[in-house]
Amino acid sequence: MGMFDPIKGFGVTFSNMFKKVATEEYPEIGAPAAPRYHGRHQLNRHPDGLEKCVGCELCAWACPADAIYVEGGDNTDEERYSPGERYGKDYQINYLRCIGCGLCIEACPTRSLTMINFYELADDDRQKLIYTKEDLLAPLLPGMEQPPHPMRLGDDEQDYYVNGPDLARGRGVPEGETVETSEEKAMQ
Amino acid sequence: MTIAPDKSATAETPVPEGHVRLTIDGEEVIAPKGELLIRTAERLGTVIPRFCDHPLLDPAGACRQCLVEVEMNGRPMPKPQASCTMTVADGMVVKTQLTSPVADKAQQGVMELLLINHPLDCPICDKGGECPLQNQAMAHGRADSRFRDRKRTFPKPLPISTQVLLDRERCVLCQRCTRFSDQIAGDPFIDLLERGAHQQIGTAETADVFDLASRTSSGKPFHSYFSGNTIQICPVGALTSAQYRFRSRPFDLVSSPNVCEHCASGCAGRTDYRRGRVMRRLAGDDPEVNEEWLCDKGRFAFRYAQAADRLRRPLVRDRETGRLEEAPWTEALRVAAEGLAKARDGKGAAVLTGGRLTVEDAYAYSKFARIALRTNDIDFRARAHSPEELDFLASRVVGTNPDNGVTYAELENAPLVLCVAFEPEEESPIVFLRLRKAARNKGTKVVHVGQWSTPAVRKTFGELLACVPGGEAAAIEGIAEHATDLDEQLQQDGAVVLVGERAAEVPGLFSALHRLSSRTGARLAWVPRRAGERGALHAGALPTLLPGGRAVTDADARAEVERTWGVEAGALPTEPGRDTAGIVAAAASGELDALLVGGVDPDDLPDPALARKALAAGCFVVSLELRPSAVTEYADVVLPIAPVDEKSGSYLNWEGRRREFSVTLEGTGALPDCRVLDTLGVEMDADLFTQTPEAAWDDLSRLPTRPQRNGAPDVPHAQPPAPGSGQAVLATWRQLLDDGSLQVEEPHLAGTARRVVARLSKATAEGLGDRVTVSTGRGSVTLPVEVADLPDGVVWLPGNSEGSKVRASLGAGHGAVVSIAAGGER
């Protein structure tokens, strides 16, 4: 037993003081998650702001926890929320039930429903954990306008689906940003 | 027609007469001659995929999806054959997709072809999830298509009426809709247009124009009362309903069997609801009654129960303000019971029930009147009626049922059906479909005694025996003398006479029909227009009848009812009560102290003005209602009751067949009439034992039918009215789709109603111009003129349509003399 042995242990402490810490400063500094973490859902928009959701209920059908409620509605020329005939009139996700499995976003035929990496889904009020369409819709990016409005990017819904990415650039959605990730960026 | 358990056994079984032996997938089977291969295979448990095939439609072989390999006399047919058009033959060897790779490949190839132009827009299609094309493409199709070109597209949806939307991209041209319209409904409103790759379904309006893209048929609705069936039988999403558009998916829906509450046909149906709200109704499958069809009224008119103004809480009129205020049940029942008890001990109380009650509810009213109000003043006939009708119902109708009366099956097999004062398509559409089926398939002769050649006359390949309104009785009396051929036909075995509710407005008609039926042996059936009338008759909601057809004047019958009900002997009133008109007149002149009214519209009554006067006359009015009405305006207490979706019960249809249904929407808290009356009875110290519809039925079953068959009406027929100059005799009946109170909140349905016009003969219409004003001392109705084959001096008006409320505006009915004058230009 040497004379430095009693303080040798402090060396570990001392050396660690200069290493990068593993501690996450939560909640003071953000809520970190892997970029592709599947957190809460988002209902995406077309580049002109029309909703991608067609109210088909395939997400509700796929959901093993019965957490999603959808009711479709009929687009008219006067009041249009999505390209084509049908839109999601009522859309609710109950986060008390959602198990985050992601089957719903796999089922979505229009890539309307995706998941963003926001995961702070806790509250002291059960009612607040039922997210409605207003809570779930992606924020409006530059170049988008709040529906209802007519189709700005083509004559019918085919133009939206076939030429989507090109149209997005034309509407001034910032370079390198897809319409689907807007919520994360907007929060930062 | 048995399926042999194994081969050796079948080989030994002799083939019965009219049957053949064939082999399907290596299994021997005996089938009746003429059976289609697809059905024989189905009996064996092999489902061959199909789109165009429908058991109630003639075979078409349009979609080619049901291809199978067939071998006859040891020689295989060179190509796969459509099993939906080929009938069985002796010694046939059939291989379906289960055993034949050729058939399987052929089916997959056909599926690939059908999907070439199909848009695959299942996510936005209403049929998605319950689509035969979706299911069979998964089961019998290939995963990939080799088609790489652009699909044929059409603008969509194309409204072919306000109710039916057509999407031509999704159509696989199976022609079920066109065959239904042509064969079953007789309204060929929809047909195949164009040829080859451009072939498409369309209507006359879409065919008119070259540029189909820019035109729809809006503004020119087709008039079919059965268009909804095409939506149900469409095997793809090509025909969808405007009402159900995008409302839900099959997996959201809970289905429950129901019975239609709109007319006396008694159709079986299916109600689909989502989260406590009815989304749609579909036809059920009941071969005895409606087969697989339903009229548009039964299919689409159900939102009245979801109306925003539906009564949910009892209302009691505040003495000071004079307004109806919400009140707790206990208070409302107490006020109602006190008022009724006071009236009972005073000048008396009477009951008007309307014709839309279930048997159980009608029974509760009937029992309530007898033991709580101690009166026979009860009548379900909220329409024109007569004492003659009462005798007719008591002597000829009550107690008939499918075992001893006329049935749908008998209509179908009858050599002759005589419809008197009965408009089958408007009043009982499923009876009409059966008449058409009988006439089309079995050559049944249908003779209509009416005023003009209505669409139903044409579509039943019928003959019109035209007479002046009010002259029907004379026409029936004249058959023996002036129409000997018809008289002979009426004497044939199985001849049937159908009579409608309008007969009550023709003096002597019921008597004439009774005599005709007794003389010729033709069977006589009464087809009321409302669903509850047969049940109310059975339950004794009439001034002269106790439950089961017992006469109130018969002491033995009364004693039996008293014993069954457990009331003391002599407790039941002995004198026949007042009928609807009598009750209304008595209330108006202050001879009654209270009225208990369940679902009656004063405008349906023979004299609407007097009915309103009676309600306003100051007697105590208790109203059991679904929604605010003309009665609740005057009521002192309003008790809310449950619509059919929220209660159980049963109807008796025109055959007397019991049509039972259970609760669709559970737990809404709405109470059926029988429960409300039971509680009200307890407040008045009378035990009805009708707490639930089931209990009410059990109680009623303890009084088996004991009709009195004597006392048939014998009223001489009156001379038909003779109009003077500037006058005409009014003919009127209601159209199926009109302003009825159960059709509110249905704009899409209302759009398919028939045009509201006045019909006159050419000579009568002369000089009137485009519009005619029909008037009486009470008021007038002005409608566009349409010339039809009516007798001269007769004008026909729809009974309760927009702009033509005959009772309310004219205070007159069928057979009344009215003034006609030019109605001027619009």
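The values are calculated or read from the model by the stated rules, or taken from the named source; none is laboratory data. Owing to the predicted nature of the structure, the values given are computational and were not obtained by experimental measurement. All Cβ positions, even for glycine, are placed from backbone atoms using ideal geometry, and neighbour counts span all protein chains on display. Quick note on the areas: whole protein, heavy atoms, side chains included, nothing else; ligands and nucleic acids left out. Shrake-Rupley method; radii C 1.70, N 1.55, O 1.52, S 1.80 Å.
Structure summary
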{"quantity": "Mean shadow area of chain B, taken as a quarter of the surface of its Cα convex hull (nm²)", "calculated": "39.3"}
{"quantity": "Under the Karplus curve 6.51 cos²θ - 1.76 cosθ + 1.60, θ = phi - 60°, whole-Hz ³J(HN,Hα) for segment B:14-25, x wherever Gly or Pro sits", "calculated": "x, 6, x, 4, x, 10, 10, 10, 9, 10, 10, 6"}
{"quantity": "Simple label model, 7 Å out from Cα along Cβ direction - B:LYS762 to B:ARG519, nm", "calculated": "3.5"}
{"quantity": "Whole-percent pair-distance distribution, where bins are 20 Å wide, for the alpha carbons of the protein assembly as shown", "calculated": "11, 35, 33, 16, 3, 1, 0, 0"}
{"quantity": "10 Å Cβ neighbours from other chains, averaged over peptide A:48-55", "calculated": "1"}
{"quantity": "Test item: B:153-159 mean partner chain Cβ contacts at 10 Å", "calculated": "1"}
{"quantity": "Assigned charges on the beta-carbon of Lys, Arg, Asp, Glu; chain B dipole about Cα centre (debye)", "calculated": "2160"}
{"quantity": "Accessible area in the full protein assembly, largest first, 1.4 Å probe, for A:ARG111, B:ARG168, B:ARG440", "calculated": "A:ARG111, B:ARG440, B:ARG168"}
{"quantity": "Alpha-carbon centroids, segment A:77-123 and segment B:535-599: separation in whole Å", "calculated": "61"}
{"quantity": "Per residue solvent-accessible surface (Å²) - the protein assembly as shown, probe of 1.4 Å", "calculated": "42"}
{"quantity": "Cut-off under 5 Å, modelled amide H: who pairs with B:VAL20 long-range", "calculated": "B:ALA31, B:LYS33"}
{"quantity": "Packing rank of B:605-614, B:464-473, where each peptide gets the mean count of other beta carbons within 10 Å, highest leading", "calculated": "B:464-473, B:605-614"}
{"quantity": "Value at 222 nm in deg cm²/dmol, rounded to 500, when DSSP H runs of n ≥ 4 in chain B each add -39,500 (n - 2.57)", "calculated": "-7000 deg cm²/dmol"}
{"quantity": "Charge sum, other residues only, whose C-beta stays under 13 Å from B:CYS131's C-beta, Lys/Arg counted +1 and Asp/Glu -1", "calculated": "-1"}
{"quantity": "Over 26 Å (Cα to Cα) - which of B:LYS79/B:LYS156; B:LYS297/B:LYS437; B:LYS33/B:LYS105; B:LYS33/B:LYS95 fall in this group", "calculated": "B:LYS79/B:LYS156; B:LYS33/B:LYS105"}
{"quantity": "Of all accessible heavy-atom area on the protein assembly as shown, the percent that carbon and sulfur account for (1.4 Å)", "calculated": "51"}
{"quantity": "Positive dipole terminus of the protein assembly as shown, leading residue within B:ALA139, B:ALA611, B:GLN492 (C-beta point charges)", "calculated": "B:ALA139"}
{"quantity": "Per-residue ³J(HN,Hα) for segment B:543-559, Karplus 6.51 cos²θ - 1.76 cosθ + 1.60, θ = phi - 60°, Hz, x for Gly and Pro", "calculated": "x, 10, 10, 8, x, x, x, 7, 6, 5, 7, 8, 5, 5, 4, 4, 5"}
{"quantity": "Average beta-carbon neighbours from other chains, 10 Å sphere, peptide A:22-28", "calculated": "0"}
{"quantity": "Backbone HN-Hα couplings from phi across segment A:85-93 [Karplus 6.51/-1.76/1.60, Hz, Gly and Pro as x]", "calculated": "7, 10, 9, x, 6, 10, 9, 9, 10"}
{"quantity": "Chain A: Lys pairs at Cα distance under 29 angstrom, eight or more positions apart or on different chains", "calculated": "12"}
{"quantity": "Long-range HN-HN contacts of A:GLU51 with modeled amide H, under 5 Å", "calculated": "A:HIS46, A:SER82"}
{"quantity": "Listed residues B:LEU760, B:LEU120 arranged by accessible area, highest first, probe 1.4 Å", "calculated": "B:LEU120, B:LEU760"}
{"quantity": "Gain on full stretching of the segment that runs from B:ARG310 to B:LEU193 - 0.36 nm per residue minus C-alpha separation", "calculated": "37.5 nm"}
{"quantity": "Long-range HN-HN contacts of B:CYS419 with modeled amide H, under 5 Å", "calculated": "B:VAL447, B:HIS448, B:VAL449, B:LEU498"}
{"quantity": "Rounded Å value of the spacing that divides the Cα centres of segment B:600-626 and segment B:659-694", "calculated": "24"}
{"quantity": "Centroid-to-centroid separation of segment A:1-67 and segment B:701-775 [C-alpha atoms, Å]", "calculated": "75"}
{"quantity": "Accessible surface buried once A binds B (1.4 Å probe; total of both sides; Å²)", "calculated": "1500"}
